[in-house]
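Read the structure below first, then the notes.
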Amino acid sequence: MCGIVGYLGPQDPKNIIVEGLKKLEYRGYDSAGVAILNDGKTKRVRAEGKLKNLEEKLAGEKFNGHLGIGHTRWATHGAAVERNAHPHQVGEISIVHNGIIENYLEIKQELLSRGADISSDTDSELVAHLINEEIKKTQNLLQAVQTTLSKLIGAFSVVVMWEKSPDELVAFKDGPPLIVGLNADKNEYFVVSDVQAALQHTKDYVYLEDREVVHIQNKDVKYYSALGAPLKKQVVTLDWNPEQIEKMGFKHFMLKEIYEQPRAVAMAIQPHIDTDKHEVNLKNLGFDKPVDEVFKSIERIIFVACGTSFYAGNVAQYLIEQVSGIPVQVDIASEFRYRKPIIPKNTLVITISQSGETADTLAAIRMAKEKGALTLSITNVQRSSIDREAHGHLYMNSGVEVGVASTKAFTSTLALANLLALQIAKARGTLSRAQEQEYVKSLLAIPSQIEVVLAFDKYFSEASKKLQDFKGFLYLGRGVSYPIALEGALKLKELAYMHAEGYAAGEMKHGPLALIDARMAIVVVAPTDELIEKTISNLQEAKARGGKIISIGTDENPSLKSMSEYYLSIPATSWMTSPLLSVVPLQLMAYHLADSLGYDVDQPRNLAKSVTVE
C-alpha cells in the first residue's frame, strides 16, 4: 500500500526521495510528504493527492541537510487530507509508517492520559509520540525505537529520524516489507518499501525480517533483533536494470507489460524445460527432498491467493487434477484462515502472490506451516516475505510489473501452473512420455503465439468507443476457460469501472439470463476443446434474448463466428495452454476501454499494487 523512502547520504535528499516515491506510485496512494533536515531542524512538506502536488510545494524549497524521509499514503485511519499525511512529527522525532497499528486505541488513550497533543486521525502519529517520549528519557534513538517496538501490535514498517542526530536513521518492521539499500562507495543508505525506489542508485540490499531493527549511523550499518541482540544479515545483489521500470515508448506501463508477455512467459519456463528433449524438470525449488519425491508423497493440494492470483490458482486446479489425478482446492486467502480449514496430512499448500507481500496470503502460509503442511510459494519477487516463509519456491520471472492491474505476472503464473501439473503427473506416473512432449511443445510455442494475439491491440483501440455503449458485460467460459472469464471481468472492473461479471457458461439459465438484452455484451472465452459444443449451446440462449456476443475462439470457428457480433481468433494450442492466449484479448479490451474513457490505467482508483494489510 503506502510507499516509504528514507535517505542518508551526500546527495540532495529532496531529489532522491521524490524520485524514489515516483517509483512507488504503483502501490496506490492519496497523499504524500517529506521531512528533511535543514539548518539542524526538520522541514516537513506534505500535500493531498498526487505527487505533482507535493512537487509544486517543494519547487522553491532548499535543504542543506543530508537526511530525510518520504512517504506516499493510502488512507486507512483518517481521511486523505494533509493533516493525516506522512511524515508525522512529534517534537524532534519524525516518522513514516506503512501498515496498521492494531492496538492504537489503547495507545491513544494512554497518550491522552499523559497530556499528548494528537493532531491527526491516524494510528501512525501515535508511534511518533511513543518514540518522542522515550527519546526524552534516553537521548538514544536506537534505544527509544527498541522500547517502542515492544509496545506495538499489528502490521507495520517504520522509518525514524531525529533532528538532533543528522547522520542517523533507524527503521523496523513487522509485516509490510522494508529493505535497506547500500551504496558503500558513495556512503549512501536507503530504507525503502520496494527496491524500485533505490534501484538507480544501488543494486545491493538487505531484507529486514519481522521485528528486526536497522541502525544506520556514521557510515556504519547494524542490525538488531527486537530484544537488542546483534544480527548478521546477508547482502543481496539484484541484477534488475532501471530501464525495466520505464515505459519504453508505450503510453502506459500496463500496455508495455501486456506486450512483454511473450518474453515473460519464456523467462518463466526457461529454467525448467529441456528444449532438446521437450521435458519438464522443475529445478531449485528449495525443498529438502527431490522434487519428484515430494510430489509422490502429497495427497492433496490447496492453492491460496487473492484477486488475479486466485484466478490463476483456479486455472491450476483444472490442470493439475486432470493430468495428475490429485485433488486440488482453491481458497481466497482472506477467507482461508478464518474458516479454520482442515489441512490433512501430506497436503501441499501453494500460495500465489506477485509481490510476495500480500498480507492475507502471508498469514495463510504461516498458518499452513503451523498446521504441518508443506508449502510452496509462487512469486515475482525473490526474498519477499512470502518467498522467505515458504519451504519451496517458484518464480514468475516476469520482471518489474508497475501497472496495478496484473497482466504479465498472471500469464507467467499460468505458465508455471502448466509446469507444475506436468511435473506432478510425471512423479505420480499419470503422464506418458509422449504426452509430456506434446504438452511441452505447446508451451514452448506460446510466446510466439501471444505475439500473434497482440494484433488485437489495434482492433480494441478502434472499437473502444462503441464498447462504451454497453450497460454491462457478462464474461462466460467453461472448464479451464471459466477462470479466464472471471479474470477478464475483474480487469474491466479494475480499469474501466464498468459493471462486469464472470460466470461459468453452464450457469446462464440459473440467473444471469435475466440480465440479458440488446445493451448487454456477452464476452465468451471458447477455444476449441471438449466443451466447445456445450458453450455454443449456452450462447444460443443469450443470443435468442438479444445479447451482443464478443467471442474468443480457435482459428476460424464457423459456428461461433456466425452468432457473434465480434469474433476474435486465437491460434490452435492444447487445452492446457489455451488460457495464456485467451486472456490477452481480455486484457487489451479492458485497457483500451479504460483509456478511451480517460481513466488512469496504471493506477486505478482505490486500488494498490501490493496489499500489505488485511
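The values are calculated or read from the model by the stated rules, or taken from the named source; none is laboratory data. Worth saying up front: this structure is predicted, and the values here are computed from it rather than measured. Because the Cβ atoms are built from the backbone with ideal geometry, glycine has one as well, and the counts that use them run over all protein chains shown.
Quick notes
- Within the range 574-598, residues that are surrounded by fewer than 24 Cβ atoms within 10 Å (Cβ to Cβ) have Cβ atoms under 8 Å from residues that are acidic (Asp, Glu) and assigned to a helix (DSSP H, G or I) in these pairs: Ser574/Glu438, counting only partners at least 6 apart in sequence or on another chain.
- The range 363-384, subset within 12 Å of the chain's Cα centre (by Cα) and not in a loop (DSSP other than H, G, I, E, B), residue nearest to Leu319 (Cα to Cα): Ile378
- When Phe250 is tested against (1) touching a residue at least 24 places away in the same chain (Cβ under 8 Å); (2) in a loop (DSSP other than H, G, I, E, B), only condition (1) is not met.
- Those strands (runs of 3 or more DSSP E) of the range 58-125 in which 3 or more residues are under 29 Å from Leu607 (Cα atoms) occupy 67-73, 93-101.
- Checking His201 against (1) farther than 30 Å from Ser432 by Cα; (2) at pLDDT 90 or above; (3) in a helix (DSSP H, G or I), the condition it does not meet: (3)
- A count restricted to the range 396-426 and to residues that are more than 13 Å from the chain's Cα centre (by Cα) and outside any helix (DSSP H, G or I) stands at 1.
- Residue list for the range 520-545, filter: touching a strand residue (DSSP E or B) at 6+ places or on another chain (Cβ under 8 Å), modelled with pLDDT under 85 and surrounded by fewer than 19 Cβ atoms within 10 Å (Cβ to Cβ): Lys543
- Residues that are in contact with a helix residue (DSSP H, G or I) (Cβ under 7 Å, 6 or more places away or on another chain) and farther than 25 Å from Lys22 by Cα within the range 94-119 comprise Ile101, Tyr104, Ile107, Lys108, Leu111, Ala116, Ile118, Ser119, listed in sequence order.
- Selected residue (criterion: surrounded by the fewest Cβ atoms within 10 Å (Cβ to Cβ)) from residues of the range 133-168 that are basic (Lys, Arg) and in a helix (DSSP H, G or I): Lys137
- When residues in the range 132-180 are screened for being without any contact (Cβ under 8 Å) to a residue 40 or more places away in the chain and over 19 Å from Ala229 (Cα atoms), 5 of them pass.
- Against the test of being buried (at least 17 other Cβ atoms within 10 Å of the Cβ), in contact with a helix residue (DSSP H, G or I) (Cβ under 6 Å, 6 or more places away or on another chain) and part of a strand (DSSP E or B), the options Ala35, Ala47 yield a single qualifying residue, Ala47.
- Residue within the range 553-561 that is outside any helix (DSSP H, G or I), surrounded by 23 or more Cβ atoms within 10 Å (Cβ to Cβ) and not assigned by TED's automatic domain parsing to the domain that holds Ser309 present: yes
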